[in-house]
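To keep things clear, I will list the structure first and then write my remarks on it.
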Amino acid sequence: MKYLVSVIGLGYVGLSTAVCLASRGIKTMGVEKDPNKLNAILSGHVPFHEERLPQMLNSTMKKGTFECTSQIYKAVEATKFSFIAVGTPSKPTGEIDTGYVESACVELGEALKRKKAWHVVVVKSTVVPGTTEELIKSTLEASSSLKAGEDFGLAVNPEFLREGTAVQDTFHPDALVLGCSDMRTLREIKKLFQKFYRKLPPVIETSTTNAEFIKYSVNTFRAVQLSYLNTLANLSSVLPDSDVGDVVKGLATIMKLDNRYLRPGPGFGGSCLPKDTRALAAHMRKRGVDASVLESALSVNLKQSKVIVDMAEGLTNGLSKKRVAILGLSFKGNTDDVRESPSLNIISELLSRGAIVVAYDPKAMENSRRILGDKVLFADSVKECIKGTQCCIIATDWREFQALRPNDFRTSMKTPAVVDARRIFEPELFRNSGVLYRRLGTSR
Ligand code: NAD
(Lines give C-alpha, C1' and ligand atoms only; values in the text may rest on other atoms or scores of the structure.)
Protein backbone atom coordinates (compact mmCIF):
# COMPACT_ATOMS: atom_id res chain seq x y z
CA MET A 1 0.00 0.00 0.00
CA LYS A 2 1.26 3.50 -0.82
CA TYR A 3 2.44 5.83 1.93
CA LEU A 4 1.88 9.58 1.91
CA VAL A 5 4.48 11.02 4.27
CA SER A 6 8.04 10.11 5.20
CA VAL A 7 9.78 11.54 8.26
CA ILE A 8 13.56 11.54 8.28
CA GLY A 9 15.06 11.28 11.78
CA LEU A 10 13.00 9.58 14.47
CA GLY A 11 14.04 11.53 17.58
CA TYR A 12 11.66 13.43 19.86
CA VAL A 13 10.28 15.53 17.01
CA GLY A 14 10.36 13.03 14.14
CA LEU A 15 8.83 10.08 15.97
CA SER A 16 6.13 12.19 17.64
CA THR A 17 5.23 13.79 14.30
CA ALA A 18 5.26 10.50 12.38
CA VAL A 19 3.18 8.59 14.90
CA CYS A 20 0.64 11.42 15.28
CA LEU A 21 0.21 11.63 11.48
CA ALA A 22 -0.18 7.85 11.30
CA SER A 23 -2.71 7.85 14.14
CA ARG A 24 -4.99 10.01 11.98
CA GLY A 25 -4.82 7.47 9.16
CA ILE A 26 -2.09 9.27 7.14
CA LYS A 27 0.22 6.48 6.07
CA THR A 28 3.67 7.44 7.25
CA MET A 29 7.12 5.96 6.85
CA GLY A 30 9.84 6.89 9.32
CA VAL A 31 13.55 6.85 8.47
CA GLU A 32 16.14 6.39 11.21
CA LYS A 33 19.89 5.88 10.73
CA ASP A 34 20.76 4.80 14.26
CA PRO A 35 20.32 1.00 14.19
CA ASN A 36 19.64 0.75 17.93
CA LYS A 37 16.88 3.35 17.75
CA LEU A 38 15.44 1.82 14.60
CA ASN A 39 15.33 -1.66 16.12
CA ALA A 40 13.74 -0.35 19.29
CA ILE A 41 11.04 1.44 17.30
CA LEU A 42 10.46 -1.58 15.06
CA SER A 43 9.85 -3.65 18.17
CA GLY A 44 7.29 -1.12 19.40
CA HIS A 45 9.51 0.64 21.93
CA VAL A 46 9.82 4.46 22.09
CA PRO A 47 13.51 5.19 22.86
CA PHE A 48 12.62 8.18 25.10
CA HIS A 49 9.94 9.01 27.64
CA GLU A 50 6.89 10.65 26.10
CA GLU A 51 3.38 10.08 27.43
CA ARG A 52 0.86 8.38 25.09
CA LEU A 53 3.47 7.80 22.37
CA PRO A 54 4.24 4.09 23.10
CA GLN A 55 0.55 3.11 22.86
CA MET A 56 0.12 5.17 19.69
CA LEU A 57 3.26 3.69 18.13
CA ASN A 58 2.04 0.15 18.73
CA SER A 59 -1.46 0.77 17.49
CA THR A 60 -0.32 2.55 14.30
CA MET A 61 2.14 -0.25 13.55
CA LYS A 62 -0.60 -2.80 14.09
CA LYS A 63 -2.99 -0.88 11.81
CA GLY A 64 -0.26 -0.59 9.18
CA THR A 65 -0.32 3.23 9.06
CA PHE A 66 3.25 3.53 10.39
CA GLU A 67 6.34 1.74 9.13
CA CYS A 68 10.04 2.50 9.40
CA THR A 69 13.24 1.91 7.52
CA SER A 70 16.87 3.03 7.49
CA GLN A 71 16.79 3.96 3.82
CA ILE A 72 15.82 7.42 2.67
CA TYR A 73 15.47 6.46 -0.99
CA LYS A 74 12.89 3.81 -0.12
CA ALA A 75 10.85 6.31 1.88
CA VAL A 76 11.06 8.98 -0.82
CA GLU A 77 9.96 6.50 -3.46
CA ALA A 78 6.97 5.37 -1.39
CA THR A 79 5.71 8.81 -0.32
CA LYS A 80 4.82 12.28 -1.56
CA PHE A 81 6.07 14.43 1.33
CA SER A 82 9.39 14.07 3.21
CA PHE A 83 9.76 15.88 6.51
CA ILE A 84 13.34 16.47 7.64
CA ALA A 85 13.49 16.13 11.44
CA VAL A 86 17.16 15.36 12.06
CA GLY A 87 19.13 17.05 14.86
CA THR A 88 20.85 20.43 14.54
CA PRO A 89 23.17 20.40 17.58
CA SER A 90 25.27 23.30 18.85
CA LYS A 91 28.86 23.83 17.72
CA PRO A 92 31.37 25.26 20.23
CA THR A 93 30.88 28.67 18.56
CA GLY A 94 27.16 28.57 19.38
CA GLU A 95 26.24 28.15 15.71
CA ILE A 96 24.22 25.10 14.72
CA ASP A 97 25.86 22.12 13.12
CA THR A 98 23.92 21.51 9.90
CA GLY A 99 25.86 18.34 9.10
CA TYR A 100 22.92 15.96 9.67
CA VAL A 101 20.60 18.15 7.61
CA GLU A 102 23.11 18.38 4.77
CA SER A 103 23.75 14.65 4.58
CA ALA A 104 20.00 13.91 4.74
CA CYS A 105 19.55 16.41 1.85
CA VAL A 106 22.26 14.75 -0.24
CA GLU A 107 20.48 11.39 0.10
CA LEU A 108 17.09 12.97 -0.42
CA GLY A 109 18.29 14.69 -3.58
CA GLU A 110 19.71 11.43 -4.95
CA ALA A 111 16.38 9.74 -4.26
CA LEU A 112 14.50 12.58 -5.96
CA LYS A 113 16.67 12.14 -9.03
CA ARG A 114 15.49 8.54 -9.38
CA LYS A 115 11.87 9.36 -8.67
CA LYS A 116 9.66 10.41 -11.54
CA ALA A 117 6.75 11.92 -9.60
CA TRP A 118 6.53 15.35 -7.91
CA HIS A 119 7.73 15.35 -4.29
CA VAL A 120 7.66 17.91 -1.49
CA VAL A 121 10.55 18.28 0.97
CA VAL A 122 9.55 19.88 4.28
CA VAL A 123 12.17 21.20 6.72
CA LYS A 124 11.06 20.67 10.31
CA SER A 125 14.49 20.75 11.93
CA THR A 126 15.32 24.08 13.56
CA VAL A 127 17.73 25.93 11.26
CA VAL A 128 18.80 29.58 11.41
CA PRO A 129 17.05 32.04 9.07
CA GLY A 130 18.31 31.67 5.52
CA THR A 131 19.51 28.05 5.82
CA THR A 132 16.86 26.62 3.50
CA GLU A 133 17.44 29.28 0.88
CA GLU A 134 21.25 29.26 1.13
CA LEU A 135 22.12 25.65 1.96
CA ILE A 136 19.23 23.17 1.86
CA LYS A 137 17.91 24.25 -1.54
CA SER A 138 21.34 24.20 -3.20
CA THR A 139 22.25 20.83 -1.64
CA LEU A 140 18.99 19.26 -2.82
CA GLU A 141 19.33 20.82 -6.28
CA ALA A 142 22.95 19.71 -6.67
CA SER A 143 22.30 16.11 -5.70
CA SER A 144 19.04 15.77 -7.65
CA SER A 145 19.91 17.90 -10.70
CA LEU A 146 16.37 19.27 -10.30
CA LYS A 147 15.05 22.74 -9.53
CA ALA A 148 13.23 23.58 -6.29
CA GLY A 149 9.83 25.13 -6.86
CA GLU A 150 9.66 23.71 -10.39
CA ASP A 151 10.62 20.03 -10.27
CA PHE A 152 10.02 19.46 -6.55
CA GLY A 153 8.49 21.47 -3.73
CA LEU A 154 10.43 22.85 -0.79
CA ALA A 155 8.86 24.11 2.43
CA VAL A 156 9.80 25.08 5.96
CA ASN A 157 7.38 24.04 8.68
CA PRO A 158 9.13 24.65 12.02
CA GLU A 159 8.16 22.55 15.00
CA PHE A 160 6.93 24.03 18.30
CA LEU A 161 6.10 20.86 20.27
CA ARG A 162 7.35 20.60 23.83
CA GLU A 163 8.82 17.41 25.21
CA GLY A 164 6.49 15.94 27.80
CA THR A 165 3.40 17.17 25.93
CA ALA A 166 4.55 16.30 22.41
CA VAL A 167 1.38 14.45 21.38
CA GLN A 168 -0.99 17.10 22.70
CA ASP A 169 1.11 19.87 21.12
CA THR A 170 1.24 18.09 17.76
CA PHE A 171 -2.55 17.74 17.64
CA HIS A 172 -3.21 21.26 18.96
CA PRO A 173 -0.48 23.69 17.89
CA ASP A 174 -0.91 27.43 18.48
CA ALA A 175 -0.26 28.02 14.78
CA LEU A 176 1.02 26.39 11.65
CA VAL A 177 3.97 28.22 10.11
CA LEU A 178 4.47 27.52 6.42
CA GLY A 179 7.28 28.93 4.34
CA CYS A 180 7.03 27.57 0.80
CA SER A 181 9.06 27.77 -2.39
CA ASP A 182 5.97 28.08 -4.62
CA MET A 183 2.17 28.10 -4.63
CA ARG A 184 1.75 24.46 -5.59
CA THR A 185 3.80 23.39 -2.57
CA LEU A 186 1.78 25.66 -0.29
CA ARG A 187 -1.50 24.28 -1.64
CA GLU A 188 -0.43 20.66 -1.25
CA ILE A 189 1.04 21.01 2.20
CA LYS A 190 -2.10 22.80 3.37
CA LYS A 191 -4.18 19.96 1.95
CA LEU A 192 -2.07 17.45 3.89
CA PHE A 193 -2.47 19.39 7.12
CA GLN A 194 -6.19 19.82 6.48
CA LYS A 195 -6.45 16.05 6.41
CA PHE A 196 -4.48 15.80 9.64
CA TYR A 197 -6.09 18.57 11.72
CA ARG A 198 -9.53 18.48 10.05
CA LYS A 199 -9.89 22.12 11.16
CA LEU A 200 -6.63 23.94 10.40
CA PRO A 201 -5.01 25.92 13.23
CA PRO A 202 -4.15 29.54 12.38
CA VAL A 203 -1.80 29.39 9.38
CA ILE A 204 1.09 31.81 8.92
CA GLU A 205 2.13 31.78 5.27
CA THR A 206 5.50 33.33 4.64
CA SER A 207 8.91 32.91 3.02
CA THR A 208 11.16 30.00 4.01
CA THR A 209 13.55 32.44 5.72
CA ASN A 210 10.78 34.07 7.76
CA ALA A 211 9.39 30.66 8.75
CA GLU A 212 12.83 29.75 10.13
CA PHE A 213 13.07 33.16 11.79
CA ILE A 214 9.64 32.84 13.47
CA LYS A 215 10.78 29.63 15.18
CA TYR A 216 13.90 31.35 16.55
CA SER A 217 12.01 34.48 17.52
CA VAL A 218 9.60 32.40 19.62
CA ASN A 219 12.24 30.33 21.40
CA THR A 220 14.60 33.22 22.06
CA PHE A 221 11.69 35.35 23.31
CA ARG A 222 10.91 32.57 25.78
CA ALA A 223 14.55 32.40 26.85
CA VAL A 224 14.75 36.17 27.42
CA GLN A 225 11.41 36.08 29.25
CA LEU A 226 12.54 33.25 31.53
CA SER A 227 15.83 34.94 32.41
CA TYR A 228 13.91 38.12 33.16
CA LEU A 229 11.44 36.23 35.37
CA ASN A 230 14.29 34.55 37.22
CA THR A 231 15.84 37.95 37.84
CA LEU A 232 12.50 39.19 39.21
CA ALA A 233 12.35 36.07 41.40
CA ASN A 234 15.80 36.80 42.76
CA LEU A 235 14.71 40.33 43.66
CA SER A 236 11.55 39.01 45.37
CA SER A 237 13.75 36.78 47.54
CA VAL A 238 15.41 39.83 49.09
CA LEU A 239 12.42 42.22 49.21
CA PRO A 240 10.50 42.08 52.47
CA ASP A 241 7.04 40.48 52.11
CA SER A 242 7.38 39.72 48.42
CA ASP A 243 6.56 36.68 46.34
CA VAL A 244 7.31 36.53 42.63
CA GLY A 245 4.18 34.42 42.08
CA ASP A 246 1.94 37.44 42.70
CA VAL A 247 4.21 39.62 40.57
CA VAL A 248 4.03 37.16 37.66
CA LYS A 249 0.25 36.88 38.03
CA GLY A 250 -0.05 40.66 37.70
CA LEU A 251 2.42 40.79 34.83
CA ALA A 252 0.70 37.97 32.96
CA THR A 253 -2.77 39.45 33.35
CA ILE A 254 -1.82 42.97 32.32
CA MET A 255 0.48 41.91 29.50
CA LYS A 256 -1.79 38.99 28.41
CA LEU A 257 1.15 36.57 28.48
CA ASP A 258 1.18 32.85 27.76
CA ASN A 259 1.41 31.29 31.23
CA ARG A 260 3.14 28.12 29.97
CA TYR A 261 6.45 29.99 30.07
CA LEU A 262 5.97 32.07 33.18
CA ARG A 263 7.47 29.89 35.86
CA PRO A 264 10.58 31.13 37.61
CA GLY A 265 13.00 28.33 38.37
CA PRO A 266 16.60 27.12 38.24
CA GLY A 267 17.09 28.24 34.63
CA PHE A 268 15.97 27.02 31.23
CA GLY A 269 17.47 23.91 29.71
CA GLY A 270 16.65 21.13 27.28
CA SER A 271 17.59 20.64 23.68
CA CYS A 272 16.03 23.85 22.33
CA LEU A 273 16.03 27.08 24.33
CA PRO A 274 19.78 27.32 25.18
CA LYS A 275 20.85 25.98 21.78
CA ASP A 276 18.50 28.21 19.79
CA THR A 277 19.45 31.29 21.79
CA ARG A 278 23.17 30.66 21.25
CA ALA A 279 22.55 30.02 17.55
CA LEU A 280 20.53 33.18 16.92
CA ALA A 281 23.07 35.23 18.91
CA ALA A 282 25.89 33.81 16.77
CA HIS A 283 23.83 34.46 13.64
CA MET A 284 23.31 38.09 14.70
CA ARG A 285 27.00 38.63 15.51
CA LYS A 286 27.99 37.20 12.14
CA ARG A 287 25.77 39.77 10.46
CA GLY A 288 26.98 42.68 12.56
CA VAL A 289 23.82 42.86 14.70
CA ASP A 290 24.20 43.51 18.44
CA ALA A 291 23.22 40.28 20.23
CA SER A 292 23.61 41.48 23.80
CA VAL A 293 19.93 40.85 24.70
CA LEU A 294 20.39 37.17 23.94
CA GLU A 295 23.87 36.99 25.44
CA SER A 296 22.52 38.44 28.71
CA ALA A 297 19.66 35.92 28.77
CA LEU A 298 22.21 33.11 28.44
CA SER A 299 24.52 34.50 31.08
CA VAL A 300 21.67 35.09 33.59
CA ASN A 301 20.53 31.54 32.90
CA LEU A 302 23.91 30.04 33.75
CA LYS A 303 24.13 32.06 36.98
CA GLN A 304 20.72 30.88 38.17
CA SER A 305 22.11 27.50 39.26
CA LYS A 306 24.50 29.39 41.57
CA VAL A 307 21.52 31.23 43.08
CA ILE A 308 19.96 27.88 43.94
CA VAL A 309 23.17 26.52 45.41
CA ASP A 310 23.60 29.74 47.43
CA MET A 311 20.16 29.06 48.92
CA ALA A 312 21.30 25.56 49.90
CA GLU A 313 24.53 26.95 51.32
CA GLY A 314 22.53 29.43 53.39
CA LEU A 315 20.42 26.65 54.90
CA THR A 316 23.34 24.35 55.65
CA ASN A 317 25.99 26.80 56.87
CA GLY A 318 28.47 25.73 54.22
CA LEU A 319 28.24 22.82 51.83
CA SER A 320 31.66 21.23 52.24
CA LYS A 321 31.23 17.50 53.02
CA LYS A 322 27.47 18.00 53.37
CA ARG A 323 25.25 15.35 51.81
CA VAL A 324 22.79 17.00 49.42
CA ALA A 325 19.85 15.32 47.69
CA ILE A 326 18.90 16.39 44.17
CA LEU A 327 15.32 15.55 43.25
CA GLY A 328 15.01 15.65 39.49
CA LEU A 329 17.63 15.43 36.76
CA SER A 330 15.64 15.99 33.57
CA PHE A 331 15.40 19.59 32.36
CA LYS A 332 11.72 19.63 33.32
CA GLY A 333 9.07 17.19 34.53
CA ASN A 334 7.55 14.54 32.25
CA THR A 335 10.61 13.95 30.12
CA ASP A 336 13.78 11.89 30.42
CA ASP A 337 15.77 14.48 28.46
CA VAL A 338 18.78 15.77 30.42
CA ARG A 339 20.31 17.83 27.61
CA GLU A 340 21.49 21.11 29.20
CA SER A 341 19.38 20.36 32.28
CA PRO A 342 19.73 22.99 35.05
CA SER A 343 20.07 20.06 37.50
CA LEU A 344 23.43 19.25 35.94
CA ASN A 345 24.64 22.85 36.49
CA ILE A 346 23.39 22.74 40.09
CA ILE A 347 25.22 19.46 40.64
CA SER A 348 28.48 20.74 39.23
CA GLU A 349 28.23 23.88 41.43
CA LEU A 350 27.50 21.71 44.50
CA LEU A 351 30.49 19.48 43.74
CA SER A 352 32.75 22.49 43.30
CA ARG A 353 31.72 23.62 46.80
CA GLY A 354 32.64 20.23 48.25
CA ALA A 355 29.16 18.70 48.69
CA ILE A 356 28.38 14.99 48.34
CA VAL A 357 25.49 14.66 45.91
CA VAL A 358 22.80 11.96 45.88
CA ALA A 359 20.45 12.15 42.89
CA TYR A 360 17.14 10.68 41.84
CA ASP A 361 14.81 11.13 38.87
CA PRO A 362 11.70 9.08 38.00
CA LYS A 363 12.69 8.70 34.32
CA ALA A 364 16.07 10.27 33.58
CA MET A 365 18.43 8.00 35.57
CA GLU A 366 19.87 6.20 32.57
CA ASN A 367 20.56 9.38 30.59
CA SER A 368 22.06 11.05 33.69
CA ARG A 369 24.34 8.13 34.51
CA ARG A 370 25.86 8.47 31.05
CA ILE A 371 26.78 12.09 31.77
CA LEU A 372 27.53 12.10 35.48
CA GLY A 373 29.22 8.70 35.82
CA ASP A 374 30.49 8.26 39.37
CA LYS A 375 30.59 11.97 40.26
CA VAL A 376 27.36 11.55 42.23
CA LEU A 377 25.54 8.77 44.07
CA PHE A 378 22.33 7.60 42.47
CA ALA A 379 19.27 6.55 44.48
CA ASP A 380 16.42 4.32 43.31
CA SER A 381 13.65 6.30 44.98
CA VAL A 382 12.88 9.68 46.56
CA LYS A 383 13.01 8.09 49.98
CA GLU A 384 16.45 6.59 49.41
CA CYS A 385 17.67 9.85 47.88
CA ILE A 386 16.79 12.11 50.81
CA LYS A 387 17.74 9.59 53.51
CA GLY A 388 20.49 10.93 55.79
CA THR A 389 20.99 14.13 53.75
CA GLN A 390 21.48 17.62 55.15
CA CYS A 391 19.73 19.47 52.35
CA CYS A 392 17.35 18.57 49.53
CA ILE A 393 17.06 20.58 46.33
CA ILE A 394 13.91 20.15 44.27
CA ALA A 395 15.33 20.71 40.82
CA THR A 396 12.60 19.31 38.52
CA ASP A 397 8.82 19.68 38.80
CA TRP A 398 7.89 16.01 38.61
CA ARG A 399 4.38 15.21 39.90
CA GLU A 400 5.87 12.55 42.18
CA PHE A 401 7.72 15.26 44.14
CA GLN A 402 4.61 17.37 44.55
CA ALA A 403 3.08 14.58 46.62
CA LEU A 404 5.85 14.84 49.26
CA ARG A 405 4.92 16.22 52.67
CA PRO A 406 7.08 17.87 55.39
CA ASN A 407 6.95 14.65 57.38
CA ASP A 408 8.69 12.76 54.54
CA PHE A 409 11.66 15.12 54.81
CA ARG A 410 11.64 15.31 58.62
CA THR A 411 11.68 11.58 59.14
CA SER A 412 14.31 10.72 56.50
CA MET A 413 16.81 13.57 56.41
CA LYS A 414 19.65 14.10 58.86
CA THR A 415 18.85 17.82 59.06
CA PRO A 416 15.60 18.56 57.23
CA ALA A 417 16.23 21.54 54.92
CA VAL A 418 14.54 21.94 51.55
CA VAL A 419 15.33 24.30 48.67
CA ASP A 420 12.36 24.47 46.34
CA ALA A 421 13.89 25.66 43.09
CA ARG A 422 10.68 24.91 41.16
CA ARG A 423 8.21 26.47 43.57
CA ILE A 424 6.18 23.26 43.74
CA PHE A 425 5.09 23.77 47.38
CA GLU A 426 3.23 26.50 49.22
CA PRO A 427 5.43 27.83 52.05
CA GLU A 428 2.46 27.50 54.49
CA LEU A 429 2.77 23.73 54.18
CA PHE A 430 6.13 23.87 55.93
CA ARG A 431 5.23 26.41 58.63
CA ASN A 432 5.95 24.93 62.09
CA SER A 433 6.74 21.61 60.42
CA GLY A 434 10.26 21.24 61.77
CA VAL A 435 11.63 21.47 58.20
CA LEU A 436 13.70 24.45 57.08
CA TYR A 437 12.11 25.44 53.78
CA ARG A 438 13.25 28.03 51.21
CA ARG A 439 11.35 28.64 48.02
CA LEU A 440 12.90 30.46 45.08
CA GLY A 441 11.43 33.91 44.58
CA THR A 442 9.92 34.56 47.97
CA SER A 443 10.94 36.33 51.15
CA ARG A 444 7.87 35.18 53.05
P1 NAD B 1 17.07 14.00 18.16
O2 NAD B 1 18.52 14.14 18.24
O3 NAD B 1 16.28 13.47 19.31
O4 NAD B 1 16.67 13.13 16.87
C5 NAD B 1 17.22 13.26 15.62
C6 NAD B 1 17.25 11.88 14.98
O7 NAD B 1 17.65 11.97 13.63
C8 NAD B 1 18.23 10.92 15.65
O9 NAD B 1 17.54 9.77 16.05
C10 NAD B 1 19.25 10.61 14.55
O11 NAD B 1 19.77 9.32 14.63
C12 NAD B 1 18.41 10.82 13.31
N13 NAD B 1 19.16 11.08 12.08
C14 NAD B 1 20.22 11.90 11.89
N15 NAD B 1 20.58 11.91 10.60
C16 NAD B 1 19.74 11.08 9.94
C17 NAD B 1 19.57 10.70 8.59
N18 NAD B 1 20.38 11.16 7.61
N19 NAD B 1 18.59 9.83 8.27
C20 NAD B 1 17.77 9.37 9.22
N21 NAD B 1 17.86 9.69 10.53
C22 NAD B 1 18.82 10.56 10.89
O23 NAD B 1 16.52 15.47 17.79
P24 NAD B 1 15.12 16.14 18.17
O25 NAD B 1 15.16 16.57 19.59
O26 NAD B 1 14.01 15.30 17.68
O27 NAD B 1 15.23 17.47 17.28
C28 NAD B 1 15.20 17.43 15.87
C29 NAD B 1 15.12 18.86 15.35
O30 NAD B 1 13.92 19.47 15.80
C31 NAD B 1 16.26 19.76 15.85
O32 NAD B 1 16.58 20.67 14.85
C33 NAD B 1 15.64 20.46 17.05
O34 NAD B 1 16.26 21.70 17.30
C35 NAD B 1 14.21 20.65 16.57
N36 NAD B 1 13.20 20.72 17.64
C37 NAD B 1 13.29 19.92 18.73
C38 NAD B 1 12.30 19.99 19.71
C39 NAD B 1 12.38 19.13 20.95
O40 NAD B 1 11.62 19.40 21.89
N41 NAD B 1 13.23 18.13 21.03
C42 NAD B 1 11.20 20.85 19.54
C43 NAD B 1 11.13 21.62 18.39
C44 NAD B 1 12.12 21.55 17.43
Say whether the condition of being over 21 Å from the mean Cα position of the chain (by Cα), open to solvent by 20 Å² or more (accessible area, probe 1.4 Å) and away from the ligand (no atom under 12 Å from the Cβ) is met by at least one residue in region 83-103. no
Any hit, region 386-404, residues being free of Cβ contacts under 8 Å to residues at least 60 places away in the same chain and among the hydroxyl-bearing types (S, T, Y): no
Tally, over region 1-32, of residues that are surrounded by fewer than 24 Cβ atoms within 10 Å (Cβ to Cβ) and part of a loop (DSSP other than H, G, I, E, B): 9
For region 112-156, what are the residues that are polar (S, T, N, Q) and loosely packed, with under 15 Cβ neighbours inside 10 Å? S138, S145
Any chance L200 is more than 15 Å from S16 (Cα to Cα), under 26 Å from the mean Cα position of the chain (by Cα) and free of Cβ contacts under 8 Å to residues at least 40 places away in the same chain: yes
Among the residues in region 33-53, are any within 9 Å of the ligand (Cβ to nearest atom), buried (at least 23 other Cβ atoms within 10 Å of the Cβ) and within 23 Å of K275 (Cα to Cα)? no
Which of the numbered conditions does Q402 fail, given that it passes all the others? Conditions: (1) touching a Lys or Arg at 6+ places or on another chain (Cβ under 8 Å); (2) within 26 Å of T335 (Cβ to Cβ); (3) not acidic (D, E). (1)
Does region 117-134 hold any residues that are acidic (D, E) and within 12 Å of the ligand (Cβ to nearest atom), and which are they? none
Go through region 225-250 and give me each residue that's open to solvent by 50 Å² or more (accessible area, probe 1.4 Å) and in a helix (DSSP H, G or I). Y228, T231, L235, V238, D246, V247, K249
Taking region 254-284 on its own, how many of its residues are away from the ligand (no atom under 16 Å from the Cβ) and part of a helix (DSSP H, G or I)? 4
Any strands (runs of 3 or more DSSP E) falling wholly within region 285-401 and containing at least 2 residues that are over 24 Å from the mean Cα position of the chain (by Cα) and crowded, with 23+ Cβ neighbours inside 10 Å: 323-327, 391-394
Find all pairs meeting these conditions: Cβ atoms under 6 angstrom apart; at least six residues apart or on different chains; first residue within region 203-222 and closer than 17 Å to T132 by Cα; second residue within 12 Å of the ligand (Cβ to nearest atom) and among the acidic types (D, E). Y216/D276
Exactly one of R444, R422 is closer than 13 Å to S343 by Cβ and charged (D, E, K, R), and that residue is R422
Pairs, please: C-beta under 6 Å, at least 6 apart or cross-chain, first residue of a type in the set (G, A, S) and in region 93-119, second near the ligand (Cβ under 10 Å from one of its atoms)? A104/I8; A104/I84; A104/V86; A111/I72
Can you tell me which residues in region 402-444 are open to solvent by less than 40 Å² (accessible area, probe 1.4 Å), among the aliphatic types (A, V, I, L, M) and assigned to a loop (DSSP other than H, G, I, E, B)? L404, M413, A421, I424, V435, L440
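The values are calculated or read from the model by the stated rules, or taken from the named source; none is laboratory data. Every value quoted in this text rests on a predicted model; they were computed, and no experiment measured them. In this analysis, Cβ positions are derived from the backbone assuming ideal geometry, glycine residues included, and neighbour counts consider all displayed protein chains. We work out accessible area using only protein heavy atoms, side chains counted, and drop any ligands, DNA or RNA first. Shrake-Rupley method; radii C 1.70, N 1.55, O 1.52, S 1.80 Å.
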